[in-house]
Amino acid sequence: MQHQKVRTVLVGCGGMSGAWLEAVRQLPEVEIVGLIDILEEAARKKATDFQLPNAIIARDLASVFEQTEVDAVFNCTIPEAHYEVTMTALKHGCHVLSEKPLADSMEHAKEMLAAAQQSGKIFSVIQNRRYEPAIRQIKHFLEQKTIGGITTVNSDFYIGAHFGGFRDHMKHVLLLDMAIHTFDAARLLIGADPVSVYCKEWNPRGSWYDQDASAIAIFEMVDGTIYTYRGSWCAEGLPTTWECDWRVIGEKGTLIWDGGKKQQAQIVKETGSFISVYQDIEIPAYEADNIGGHAGLIREFFECIQNGTQPETQAADNIKSLAMVFGAIESAETGQAVRISW
């Protein structure tokens, strides 16, 4: 069956938008009909870089709607602009794929979700790290329960990131800007949603950030699993990968994964002594159906538009990862454990 091209507008032509446009190059069913940025020269540069001479260049989404038909909107704006752009697109009857985080507050997230349900359109979020081959392989291994049911998951994120610019002055810079990726990965690996969190934030001595750039959070998941996050943007030396250093403890054994290619698992071979005898277990190769980071997720988004299905990272699910972020922030600000809801 021959489908019409999905006429798509990209809003926000900063650095990350290049990965989106690169992915679209591989999708003949998609046509970029508009490029929008408050700095028109940024939009014009993307039009030149990606050979899009016919794309409408504009400073706001409404003006593009006045000039052409639009089926889908890429929301690559800063978090504070996600609400306005997504709501405008949904009210106009467009499907939306948004940069993370879904919204800048839980209140806005709930409004956006309601608007998507009312419009009957797809509203999904770029959680591109779910679509990397290694995490799919680990997820598949854990589903086999070779190490038994999961009881405890720990993740460590330590990188000395000298951004310069707005992040150096941003409140909750680690939790808001980066932890959404890790919290979403934890939900994926554990296969359960959060119910509560206790979080401590602080700014270490010697930090080049104005605000708290380190955090430790303890989450309880609905199945009783305990998940801990330890992280810092200002930890110099021996950095972890961007995907974190993970330890997953099961009833029968443990998996460790450095977020990259190093992965190892052991299970109990023999009990009866003070420390059990362990056996190394190979983590088998796994060919996931949908991988490829940004490209895999964007491909899935357009397949869902044409098939009438929902993407894995639809907003109705991703709001649970966002709730972990805002729950952790609330706990850090109040010094109290917080119940998580969405």
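Taking 0.36 nm per residue of sequence separation and removing the Cα-Cα distance, the Thr228/Trp208 pair yields an extension gain of 4.7 nm. Straight Cα distances below 15 angstrom link Lys171 to the aspartates and glutamates Glu80, Asp104, Glu201, Asp210, Asp212, Glu330, Glu333, with same-chain residues fewer than 8 positions distant left out. By the gyration tensor of its Cα atoms, with a ≥ b ≥ c the square roots of the eigenvalues, what is the shape of segment 201-342: rounded for a/c under 1.5, prolate for a/b over b/c, or oblate? Oblate shape, in that a/c is at least 1.5 and b/c is the bigger or equal ratio.
For segment 234-280, the dipole from Cβ point charges (+1 on Lys and Arg, -1 on Asp and Glu) about the Cα centre works out to 140 debye, to the nearest 20. Shown are Trp20, Trp342, whose ranking by accessible area with a 1.4 Å probe and every protein chain present, most to least, is Trp342, Trp20. For Lys5 and Ala114, a Förster radius of 22 Å and the Cβ-Cβ distance give a FRET efficiency of 0.15, rounded to the nearest 0.05. Based on Cα contacts under 8 Å between residues 6+ apart, the chain shows a relative contact order of 19 percent. Each of Trp208, Trp242, Trp202 has its accessible area taken with a 1.4 Å probe; listed largest first, they run Trp242, Trp202, Trp208. Starting from the Cα of Lys145, step 7 Å toward the Cβ, then list every residue of segment 245-270 with an amide N under 15 Å from that point. Correct set: 250-253.
Taking all protein chains together and rolling a 1.4 Å probe, Thr271 ends up with roughly 100 Å² accessible. Using Cβ point charges alone (K and R +1, D and E -1), the dipole size of the chain about the Cα centre works out to roughly 360 debye. Counting only protein heavy atoms, what percent of the accessible surface of the chain is carbon or sulfur at a 1.4 Å probe? It is 49 percent, rounded to a whole number. Take the Cα of Glu69, step 7 Å along the line toward its Cβ, and report every residue of segment 9-26 whose backbone nitrogen sits under 16 Å from that point. Counting backbone N atoms under 16 Å from the label point, the list is 9.
Centre-to-centre, using Cα atoms only, segment 140-169 and segment 48-120 are separated by 29 Å.
For the chain, the share of alpha carbon pairs falling in successive 20 Å distance bins from zero is 29, 56, 15, 1 percent. Here Lys145 is the anchor, and the aspartates and glutamates within straight C-alpha reach of less than 19 Å, apart from those fewer than 8 places off in the same chain, are Asp193, Asp223, Glu251, Glu270, Asp280, Glu282, Glu287.
DSSP beta bridges in segment 125-236, what fraction antiparallel, as a percent rounded to 5?
70
If you fit an axis through the alpha-carbon atoms of helix 315-334 and take the longest principal axis of the Cα set of the chain, what angle between them do you get, 0 to 90°, nearest 10? Taking the Cα atoms of the chain, the angle to 315-334 is about 60 degrees. Using a ≥ b ≥ c from the Cα gyration tensor of segment 232-295 (square roots of the eigenvalues), is it rounded, prolate or oblate, where a/c under 1.5 gives rounded and otherwise the larger of a/b and b/c decides, a/b for prolate? Oblate is the answer for segment 232-295, as a/c is 1.5 or above yet b/c matches or exceeds a/b. As a calculated quantity, the FRET efficiency between Glu107 and Lys200 at R0 = 25 Å, using C-beta atoms, amounts to about 0.50. Measuring between alpha carbons in the structure, the pairs from Lys5/Lys262; Lys46/Lys139; Lys45/Lys200; Lys110/Lys139; Lys45/Lys91; Lys91/Lys320 lying more than 32 angstrom apart are Lys5/Lys262; Lys46/Lys139; Lys45/Lys200.
Between Gln310 and Asp289, the C-beta separation translates, for a Förster distance of 22 Å, into a calculated FRET efficiency of about 0.90.
The values are calculated or read from the model by the stated rules, or taken from the named source; none is laboratory data. A quick note: this is a predicted structure, and the numbers were derived from the prediction, not measured. Every residue, glycine among them, receives a Cβ derived from its backbone with ideal geometry; neighbour counts consider all protein chains shown. Side chains included, ligands, DNA and RNA excluded: accessible areas come from the protein's heavy atoms. Shrake-Rupley method; radii C 1.70, N 1.55, O 1.52, S 1.80 Å.
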